[in-house]
Amino acid sequence: METVLVTGVAGFVGSNLSRVLLEEGYRVVGVDNFDDTYDTRFKEEHIVPSLSNHNFKLVRLDIRDRPVLMELFKRARPTLIAHLAAKVDTRAAVENPYPYVEHNIIGLLNVLDAAKEVGVKNLVFVSSSSVYGNDTEVPWREDAKADRPLSPYGATKRAGELFAHAYHHNFGLNITCLRYFNAYGEHNRPTMVPYLWTQALLRGEEIEFSGSGERKRDYTYVGDTVKATVAALKKPLGFEIINIGNSHPLSLRELLSILEKVTNTTAKIKERESHKASVESTYADVSKAKALLQWEPTTPIEEGISRLVAWFRANRL
């Protein structure tokens with residue numbers, strides 16, 4: 001039985017990932033500092049299903065604490081690492097970038113150092129489509145320069161990829177950087193548009209509609225995102241950067257139409273200007289994921305949104 005250490009285990013994707021890893025027979029050591037960017041009660045709820053599994057161990061730890069993290073690695077001896085822990089709000093990062101540097105760069109370096117010390121077999125680092133900025137050459141391919149992020153958040157993720165390559169080059173670590181595109185679904189972060197709009201529609205509240213509604217996002221169901229992450233964990237590739245997206249961008253208007261249909265409601269709209277850190281469109285070329293991981297998205301947007309809405313009704317109303 002292999003041990004996978006998952007950082008950010010109580011978060012949106014991390015909690016879904018740990019459940020799948022346990023179902024597949026892995027031992028999971030989950031690390032989380034239960035950061036209060038959003039209500040920590042949600043994170044406590046996310047982790048409940050895994051706590052009853054004897055192959056799961058939760059460690060409340062901040063990855064910025066290098067000595068404590070190093071001791072955990074030496075004690076747990078993980079063979080695989082899924083590094084998801086990060087500060088993730090693009091707009092908040094514009095106002096105060098320092099916590100993003102501390103968590104997303106220094107925290108990553110601590111994880112890389114610890115992985116080097118214990119000789120892990122493979123490490124998956126979760127990056128972001130934010131690294132592409134407003135690149136107009138779509139769909140976005142991994143060989144794009146990715147040197148014009150719009151937010152300090154995107155800048156920290158691109159820096160993380162560069163540090164990961166340096167550790168691969170100098171110490172031989174197998175590291176795959178997955179650029180997630182607009183994940184949504186069960187355990188959705190409450191700061192994300194699919195969650196916010198689901199909440200507003202089901203509670204009869206106004207939704208905020210930015211710009212003209214023509215901005216597009218490559219919404220990717222979390223179950224598909226998790227499958228890609230598991231596939232990457234299972235397959236050491238030296239060093240690679242791989243897009244994980246749905247490869248089918250939707251405008252905000254199209255997303256709202258689907259949500260209205262699934263919830264059988266009509267939105268009350270309050271318009272606002274777009275934030276300068278918001279990109280115009282995200283669009284993943286996933287041919288590399290198909291070739292290297294034998295992965296492609298399989299969940300249609302209406303099905304994924306239906307699952308999000310069903311989960312919200314069961315857990316948030």
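For the stretch 270-317, which residues satisfy the criterion of being closer than 23 Å to W140 by Cα and at pLDDT below 95? The answer is S274, H275, K276, A277, S278, V279, E280, S281. Taking (1) surrounded by fewer than 24 Cβ atoms within 10 Å (Cβ to Cβ); (2) under 18 Å from L109 (Cα atoms); (3) among the charged types (D, E, K, R) in turn, D36 satisfies each apart from (2).
Of the residues making up the stretch 48-63, those that are in a helix (DSSP H, G or I) and either basic (K, R) or out of contact with any Ser or Thr (no Cβ under 6 Å at 6 or more places or on another chain) (or both) are V48, P49, L51.
Scanning the stretch 69-112 for residues that are touching a strand residue (DSSP E or B) at 6+ places or on another chain (Cβ under 6 Å), surrounded by 24 or more Cβ atoms within 10 Å (Cβ to Cβ) and small (G, A, S) turns up A82, A85.
Pick out, from the stretch 157-262, the strands (runs of 3 or more DSSP E) lying fully within it that include 2 or more residues that are under 18 Å from the mean Cα position of the chain (by Cα) and either more than 16 Å from G304 (Cβ to Cβ) or free of Cβ contacts under 8 Å to residues at least 24 places away in the same chain (or both).
On the way: elements: 175-180, 206-210, 239-244.
Filter on the stretch 157-262 gives 175-180, 239-244.
If you go through the stretch 39-55 and keep only what is more than 21 Å from the chain's Cα centre (by Cα) and either buried (at least 18 other Cβ atoms within 10 Å of the Cβ) or not polar (S, T, N, Q) (or both), you end up with L51, H54.
Identify all residues within the stretch 113-135 that are in a helix (DSSP H, G or I) and either buried (at least 24 other Cβ atoms within 10 Å of the Cβ) or basic (K, R) (or both); write none if there are none. Explain how you work it out, then say what you get.
Narrowing the stretch 113-135 to residues in a helix (DSSP H, G or I): 113-118, 129-132.
Passing the criteria: A115, K116, S129, S130, V131, Y132.
Answer yes if at least one residue in the stretch 183-199 is touching a Leu at 6+ places or on another chain (Cβ under 8 Å), aromatic (F, W, Y), surrounded by fewer than 19 Cβ atoms within 10 Å (Cβ to Cβ) and more than 28 Å from L237 (Cα to Cα), and no otherwise. No, that holds for no residue.
Can you find a residue in the stretch 14-21 that is in contact (Cβ under 8 Å) with a residue 60 or more places away in the chain, of a type outside the set (F, W, Y), surrounded by fewer than 24 Cβ atoms within 10 Å (Cβ to Cβ) and out of contact with any helix residue (DSSP H, G or I) (no Cβ under 6 Å at 6 or more places or on another chain)? Looking for residues that are in contact (Cβ under 8 Å) with a residue 60 or more places away in the chain, of a type outside the set (F, W, Y), surrounded by fewer than 24 Cβ atoms within 10 Å (Cβ to Cβ) and out of contact with any helix residue (DSSP H, G or I) (no Cβ under 6 Å at 6 or more places or on another chain), one finds none in the stretch 14-21, hence no.
Scanning the stretch 263-307 for residues that are in a loop (DSSP other than H, G, I, E, B), more than 19 Å from the chain's Cα centre (by Cα) and touching a residue at least 40 places away in the same chain (Cβ under 8 Å) returns T265, A267, E273, S274, H275, K276, E280, Q294.
Only residues that are among the β-branched types (V, I, T), part of a helix (DSSP H, G or I) and out of contact with any Gly (no Cβ under 9 Å at 6 or more places or on another chain) were counted across the stretch 14-47, and they come to 1.
Do you know which residues across the stretch 200-217 are crowded, with 20+ Cβ neighbours inside 10 Å and touching a helix residue (DSSP H, G or I) at 6+ places or on another chain (Cβ under 7 Å)?
The first filter runs over the stretch 200-217 and keeps only residues crowded, with 20+ Cβ neighbours inside 10 Å, leaving 200-201, 216-217.
If the condition is that a residue be crowded, with 20+ Cβ neighbours inside 10 Å and touching a helix residue (DSSP H, G or I) at 6+ places or on another chain (Cβ under 7 Å), then L201 is the only one that fits.
The values are calculated or read from the model by the stated rules, or taken from the named source; none is laboratory data. Values in this document were obtained by computation on a predicted structure and should not be read as measured data. No Cβ is skipped: glycine too gets one built from the backbone with ideal geometry, and neighbour counts run over all protein chains shown.
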